[in-house]
Amino acid sequence: MAESINYKCPACGGAMDFDIKTHKLKCQFCDSEFTVDDVVATKGAKKFNKDGEFVRKNHFNEPEEPIVRHLAPGDDETCKYDTYACKQCGGEIQIPPTVISTICPYCGNNVVFYDKLIGNHIPDLVVPFKIEKFALKEAYQQHLKFKPFVPGKFKRENTFEQIRGYYIPFWIYDLKAEGGATFKAEREDPQKVSVYKAHRRGYMLFESIPEDSSKFFDDAMTESLEPFVFNDAIPFETEYLSGFEAHVYDESCDEGAEKASNRAAMTLIDALQETVSHMYSRVTFESDDIKTTDIQAQSVLYPIWMLTTKWNGEEYYFAMNAQTGTFVGNLPRNNVVYFLSLSISTLLLGWLFFAMFEDWVALVVAAILAVGIHMAIDSSRVSVKRASKATNYGKTETFRITYSDDVFSHTYQKSRR
């Protein structure tokens, strides 16, 4: 079995955790505190120039390196777990290949698998935890409020199975999106509608678009926790991992670049469409030829609290951005209450609308309105969603229009009602 590292207190030899409040390593036994620089053990992670400035490395188009495996005797590469020995108690620890730090299940000490940190599997940067574990429970209780269609029994009986802090690996992209888009633009007059083809070209710069680079974590969950604040990132040291489970990437930088580029393109399309919308009654996107260039990529570990609960034989997963406090997680729905409420609302609104307008069409309008209201109320129950745009990472001050042309297409008469 390969060995691991346990961070021991220089004063008493006890195990140390990274303290979120002080951003120091704190002994679990004698409460001594030490700065990360006092006990730093990271090999080759910090990279500074002669002026003491951190050197940013670009991983885009860099060859992907295999993850170091440590297999028990008799295991082969198809084995799902690596095997290590805890240096504190000697216990056998089995972990997925991407894990670089965890907590020993036998003695409870923090363990860092130092020898997995080689080549480009050494993260460039890390954002240390800012929010403590107790805040996760408070956020969970707030998350349950004002959701009338979540079963009452779930709120009362849902039990916490596990709370764990993770450092999740991300590729962070700086890039330039540029190109054109074509829109169908309509301008209404009292009797007719004039249709135009609106063409716009431009560009925008983007900074620090995050893409989850671990297959271990659900992309929809991590994207729902955005935005992440890259300004809090500092050069990586393994000491920040103490007390948390951390992973290295197993999705290549180029895979993430494609997703980041698509998000940036959608954001640029929105910006181009805004320049058309103020001139017309309706604007519909038709096509684009947007491309991304000048791609720069770094690797960073972002902090996330994960909560697993269990109710009625099923597990539910929640997460909190340990940098900003954003909390997400889908909740179950009581379909009996939901459809009963929808039926009663439809009947009441239908009776009210029919009394006001004396038209059977009012019943259809009432049903549509009731469905819309219930969908809006129920939407807060589902907070885990994929991100399709990079709005939070676009530098709006860099947005420029390089070409603009509106070409008349045709007119059509407005339908009479």
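The values are calculated or read from the model by the stated rules, or taken from the named source; none is laboratory data. Because the structure is predicted, anything quoted here is derived from the model rather than measured. Reconstructed Cβ throughout: ideal geometry from the backbone, glycine too, with neighbour counts over all protein chains shown.
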Report summary line: Of the residues in the stretch 322-355, those that are more than 30 Å from Lys153 (Cβ to Cβ), in contact with a helix residue (DSSP H, G or I) (Cβ under 7 Å, 6 or more places away or on another chain) and part of a helix (DSSP H, G or I) come to Gly350, Phe353, Phe354
Query raised in the report: So is Met266 part of a loop (DSSP other than H, G, I, E, B) and under 30 Å from Ser194 (Cβ atoms) or not?
Result: no
Requested in this report: Among what's in the stretch 356-400 and is over 24 Å from the mean Cα position of the chain (by Cα) and assigned by TED's automatic domain parsing to the domain that holds Phe146, pick the residue that is farthest from Tyr203 (Cα to Cα).
Outcome: Glu397
Report summary line: Residues in the stretch 219-247 that are more than 16 Å from Val127 (Cβ to Cβ) and touching a strand residue (DSSP E or B) at 6+ places or on another chain (Cβ under 8 Å) total 4
Requested in this report: Give me a count of the residues in the stretch 361-417 that are of a type in the set (Val, Ile, Thr), over 17 Å from Leu268 (Cα atoms) and surrounded by fewer than 17 Cβ atoms within 10 Å (Cβ to Cβ).
Outcome: 10
Query raised in the report: Looking at the stretch 181-227, which of the residues that are within 30 Å of the chain's Cα centre (by Cα) and of a type in the set (Ser, Thr, Tyr) is nearest to Met279 (Cα to Cα)?
Result: Tyr203
Report task. May I ask you to verify whether Ser388 is small (Gly, Ala, Ser) and touching a residue at least 24 places away in the same chain (Cβ under 8 Å)? Result -> yes
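Suppose we keep only residues that are in contact with a helix residue (DSSP H, G or I) (Cβ under 7 Å, 6 or more places away or on another chain) and surrounded by fewer than 21 Cβ atoms within 10 Å (Cβ to Cβ) within the stretch 260-291. Which one would you say is farthest from Lys130 (Cα to Cα)? Spell out how you get there, then give the answer.
At the first step, the residues of the stretch 260-291 found to be in contact with a helix residue (DSSP H, G or I) (Cβ under 7 Å, 6 or more places away or on another chain) are 267, 283, 285, 288, 290.
The next check asks that each one be surrounded by fewer than 21 Cβ atoms within 10 Å (Cβ to Cβ); those that pass are 283, 285, 288.
Working: Val283: 43, Phe285: 41, Asp288: 41 Å.
Among those that are in contact with a helix residue (DSSP H, G or I) (Cβ under 7 Å, 6 or more places away or on another chain) and surrounded by fewer than 21 Cβ atoms within 10 Å (Cβ to Cβ), it is Val283.
Evaluate the stretch 360-380: report whether one residue or more is in a helix (DSSP H, G or I), among the small types (Gly, Ala, Ser) and under 24 Å from Asn158 (Cα atoms).
Within the stretch 360-380, the subset in a helix (DSSP H, G or I) is 361-379.
Restricting the remaining residues to those that are among the small types (Gly, Ala, Ser) gives 362, 366-367, 370, 372, 376, 379.
Next, from what is left, pick out any that are under 24 Å from Asn158 (Cα atoms): 379.
Yes, that holds for at least one residue.
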Query raised in the report: Do we find that Ala246 is hydrophobic (A, V, I, L, M, F, W, C), part of a strand (DSSP E or B) and either crowded, with 20+ Cβ neighbours inside 10 Å or modelled with pLDDT of 90 or more (or both) in this structure?
Result: yes
**Report entry** Residue that is within 20 Å of Pro128 (Cα to Cα), in the same structural domain as Phe230 (by TED's automatic domain parsing) and either at pLDDT below 95 or not aliphatic (A, V, I, L, M) (or both), where the choices are Gly325, Gly313
**Finding:** Gly325
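What number of residues within the stretch 201-239 are in contact with a helix residue (DSSP H, G or I) (Cβ under 7 Å, 6 or more places away or on another chain) and of a type outside the set (D, E, K, R)? Full working, then the answer.
Step one: filter the stretch 201-239 for residues in contact with a helix residue (DSSP H, G or I) (Cβ under 7 Å, 6 or more places away or on another chain), giving 202, 204, 206-209, 211-213, 226-227, 237-239.
Narrowing the set further to residues that are of a type outside the set (D, E, K, R) leaves 202, 204, 206, 208-209, 213, 227, 238.
Going through the stretch 201-239 one residue at a time, the tally reaches 8.
On the basis of being assigned by TED's automatic domain parsing to the domain that holds Val150, more than 25 Å from the chain's Cα centre (by Cα) and among the aromatic types (Phe, Trp, Tyr), does Tyr403 make the cut? Give the steps one after another, and end with the answer.
On the way: assigned by TED's automatic domain parsing to the domain that holds Val150: yes; more than 25 Å from the chain's Cα centre (by Cα): yes; among the aromatic types (Phe, Trp, Tyr): yes.
Spelling it out, Tyr403 is indeed assigned by TED's automatic domain parsing to the domain that holds Val150, more than 25 Å from the chain's Cα centre (by Cα) and among the aromatic types (Phe, Trp, Tyr).
When the residues of the stretch 292-344 are narrowed to those that are of a type in the set (Gly, Ala, Ser) and touching a residue at least 24 places away in the same chain (Cβ under 8 Å), which ends up surrounded by the fewest Cβ atoms within 10 Å (Cβ to Cβ)? Quick ask: steps written out before the conclusion?
Keep residues of the stretch 292-344 that are of a type in the set (Gly, Ala, Ser), which gives 297, 299, 313, 319, 322, 325, 329, 341, 343.
In the following step, the residues that additionally are touching a residue at least 24 places away in the same chain (Cβ under 8 Å) were identified as 297, 299, 319, 322, 325, 329, 341.
Values: Ala297: 25, Ser299: 23, Ala319: 25, Ala322: 27, Gly325: 15, Gly329: 22, Ser341: 18.
Result: Gly325.
Pick from Gly165, Gly152: which is surrounded by 13 or more Cβ atoms within 10 Å (Cβ to Cβ) and either under 28 Å from Tyr316 (Cα atoms) or not small (Gly, Ala, Ser) (or both)?
Numbers: Gly152 fails: surrounded by 13 or more Cβ atoms within 10 Å (Cβ to Cβ).
Checking each option against the conditions leaves just Gly165.
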Report task. State whether one or more residues within the stretch 258-281 are over 14 Å from Asp212 (Cα atoms) and basic (Lys, Arg). Result -> no
Query raised in the report: Counting only residues that are under 17 Å from Phe236 (Cα atoms) and either touching a residue at least 60 places away in the same chain (Cβ under 8 Å) or among the polar types (S, T, N, Q) (or both), how many does the stretch 112-143 have?
Result: 17
Report summary line: Of those in the stretch 141-180 that are touching a strand residue (DSSP E or B) at 6+ places or on another chain (Cβ under 6 Å) and aromatic (Phe, Trp, Tyr), the residue farthest from Gly256 (Cα to Cα) is Phe154
Query raised in the report: Given the structure, is Ser404 of a type in the set (S, T, N, Q), outside any helix (DSSP H, G or I) and without any contact (Cβ under 8 Å) to a residue 12 or more places away in the chain?
Result: no
Requested in this report: Select from the stretch 212-234 the residues that are out of contact with any Ser or Thr (no Cβ under 8 Å at 6 or more places or on another chain) and among the hydrophobic types (A, V, I, L, M, F, W, C) and list them in ascending order.
Outcome: Phe217, Ala220, Met221, Ala233, Ile234
Report task. Would you check if Ala390 is at pLDDT 95 or above, touching a helix residue (DSSP H, G or I) at 6+ places or on another chain (Cβ under 8 Å) and within 30 Å of Thr222 (Cα to Cα)? Result -> yes
Report summary line: Scanning the stretch 187-202 residue by residue, those surrounded by fewer than 19 Cβ atoms within 10 Å (Cβ to Cβ) and hydroxyl-bearing (Ser, Thr, Tyr) turn out to be Ser194
